[in-house]
Amino acid sequence: MGWLSFSVGLVSLWSMVFTVSGIGANWGTQCSHLLPPDTVVRLLRDNGFQRIKLFDADYDALRALGKSGIEVMVGIPNDMLLTMASSVKAAEKWVAKNVSTHLTTNNVNIKYVAVGNEPFLETYNGSFLKTTFPALQNVQSALIKAGLGTTVKVTVPLNADVYESSTGYPSGGDFRADIHDLMLAIVKFLSDNGAPFTVNIYPFISLYTDENFPVEYAFFDEKATPVTDGGTTYYNMFDANYDTLVWALQKNGFGNLPIIVGEIGWPTDGDRNANIVYAQRFNQGFMTHILGGKGTPMRPGAVDVYLFSLIDEDAKSVQPGNFERHWGIFNYDGSAKYQLNLGATNSGALVAARGVKYLDRKWCVMKPSAKLDDPDVSPSVSYACGLADCTTLGYGTSCGNLDGRGNVSYAFNSYYQRNNQLDGACKFPNVSMITKTDPSVGSCKFPVMIEPYYGGTERTVGSLQKPVILASGLILFLLKIL
């Protein structure tokens with residue numbers, strides 16, 4: 001579809017929703033240092049969020065949401081689809097533990113169960129094609145058996161790559177040819193059970209994957225050359241993408257099926273187009289666009305939308321891109337990244353998390369006496385970045401202007417903070433030291449981590465993943481000794 005193509009969004013985690021009943025968000029937890037669930041729920045309430053979407057059914061998160069009045073969508077991860085598809089009993093057990101108990105005992109306002117997350121992504125090579133629909137059916141049966149069939153609805157969050165256009169315009173929309181019959185079966189099932197179609201739409205991914213994509217078309221201030229589809233004019237990609245789905249549904253006899261946009265947002269780091277300015281422009285433009293209640297040309301009226309995401313997740317996979325760890329409208333500690341009016345607070349601005357506790361104000365940096373060509377530097381940087389987070393380093397990022405020594409210090413400090421400032425985490429051989437002087441420079445912030453929250457399950461901070469051996473070219477770039 002050329003530059004109008006609605007590219008795959010390889011992301012999963014927190015989003016915002018606006019309807020007559022309020023706004024909402026996705027709560028992702030792939031973090032080395034989690035904010036306590038009670039803190040996050042207070043953050044939600046302070047900012048007027050009235051809906052939340054989880055990617056699992058974490059007990060502590062659900063407990064904290066009890067009596068909050070916030071509507072909840074709980075999630076069944078893709079790695080559980082086979083189990084759910086293979087056994088109705090397993091689905092019944094899951095519903096009893098993760099839905100019924102929280103509804104009755106903890107007063108959690110659960111409204112949806114998300115079965116899988118973008119299971120038909122083309123990059124999954126069909127791994128979940130045979131299990132998603134049976135899992136959906138079994139979970140629905142379990143909800144009915146539990147007496148929840150009319151109050152808790154199932155859905156499958158799908159990426160926008162499940163539909164396409166034969167013409168490059170919304171009116172040519174239909175479901176992807178290779179999964180067309182499966183999609184119709186799922187759509188009919190959702191319709192029969194009064195459940196919504198959930199789709200994730202990512203203009204940023206289109207810009208990231210297609211160098212010819214017109215930047216202005218990703219935003220909402222009508223600076224792009226509009227696209228005319230018959231008698232309908234489209235000024236932004238979101239409306240065009242959304243209406244491609246509407247056409248696909250309408251074309252197959254389900255034109256009135258409710259739609260939820262499960263994820264949409266803009267990252268703030270990790271790529272030249274992932275920055276504070278673009279993120280604020282996109283998210284504020286989007287909120288203004290939907291708060292007006294106009295909808296899209298094919299679907300006038302309120303739109304149910306979740307912005308992705310609430311809080312940065314520094315332990316997410318960076319396989320899709322380094323930006324994956326930077327989708328939050330809040331930083332890892334619950335501080336606001338930029339001005340954003342959600343239409344739900346008196347101030348018209350984001351309200352930061354309250355009562356956050358930090359580790360001591362100290363950092364691990366490169367020793368002044370150490371030299372960049374020291375043979376211990378390169379492997380130390382590779383080790384630190386492989387076990388921590390160096391996604392803010394590189395061309396076009398917030399720390400892209402650091403010199404070689406600054407890059408090394410950032411890598412060391414990331415590892416040091418990830419490991420809760422243990423003395424042993426700043427003992428890179430003869431090249432590192434601990435300082436109480438903040439090494440942050442301009443837009444590049446050297447973080448001090450928050451105190452770790454472990455919840456009911458002990459988490460091994462600093463060992464969340466195997467070391468990633470960085471390419472020698474990247475190491476040389478970080479050291480700037482090419």
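Here are the numbers:
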item	result
Cysteines, the chain, no other Cys beta-carbon under 4.7 Å	Cys31
Karplus-derived HN-Hα couplings along region 155-160 (A = 6.51, B = -1.76, C = 1.60, θ = phi - 60°), whole Hz, x at Gly and Pro	7, 10, x, 10, 6, 5
Beta bridge orientation in region 18-79: antiparallel %, DSSP, nearest 5	10 percent
Rounded to the nearest 10 Å², the accessible area of Phe238 at probe 1.4 Å	0 Å²
Residue-wise HN-Hα coupling along region 97-109, computed from phi with Karplus coefficients 6.51, -1.76, 1.60 (Hz; x: Gly, Pro)	6, 9, 10, 4, 4, 6, 5, 8, 8, 9, 6, 8, 8
Residue order for Thr29, Thr105, Thr150 - accessible surface, 1.4 angstrom probe, largest first	Thr150, Thr105, Thr29
Solvent exposure of the chain as accessible area per residue, Å², 1.4 Å probe	40 Å²
Sequence-distant lysines (8 or more away, or on other chains) whose Cα lies within less than 19 Å of Lys145	Lys89, Lys93, Lys97, Lys111, Lys153
Unit charges on C-beta of K, R, D, E only; dipole of the chain, Debye	1180 debye
Listed residues Pro196, Trp94, Tyr208: farthest to the positive end of the dipole of the chain (Cβ charges)	Trp94
Probe 1.4 Å - accessible area at Glu122, Å² to nearest ten	110 Å²
Beta bridges per DSSP with both ends in region 162-276, % antiparallel, nearest 5	65 percent
Nearest 10 degrees, 0 to 90: helix 276-291 Cα axis against the chain principal axis	20 degrees
Fraction of beta bridges assigned by DSSP in the chain that are antiparallel (%, nearest 5)	35 percent
Helix 180-192 axis, angle to the chain major axis (alpha carbon atoms, nearest 10°)	70 degrees
For region 178-320, size of Cβ-based charge dipole, Lys and Arg +1, Asp and Glu -1, in debye	400 debye
Label selected from (1) 44; (2) 47; (3) 51, the criterion being percent of Cα pairs over 30 Å apart as computed here	(2)
Asp192, Asp221, ranked by accessible area, largest first (probe 1.4 Å)	Asp192, Asp221
About the Cα centre, charge dipole magnitude for region 120-192 (Lys/Arg +1, Asp/Glu -1 at Cβ), debye	400 debye
Dipole-positive endmost among Thr296, Ala344, Thr225 within the chain (Cβ charges, Cα centre)	Ala344
Close Lys-Lys pairs in region 320-440, where close means Cα under 15 Å and separation is 8 or more or interchain	4
For Glu216, solvent-accessible area (1.4 Å; no DNA, RNA or ligand), Å²	60 Å²
C-alpha long axis of helix 377-387 to longest principal axis of the chain, angle in °	30 degrees
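The values are calculated or read from the model by the stated rules, or taken from the named source; none is laboratory data. Keep in mind that what you see is a predicted model, and the values were worked out from it rather than measured. We place every Cβ from the backbone using ideal geometry, glycine too, and count neighbours over all the protein chains shown. All accessible areas refer to the heavy atoms of the entire protein, side chains included, with ligands and DNA or RNA removed. Shrake-Rupley method; radii C 1.70, N 1.55, O 1.52, S 1.80 Å.
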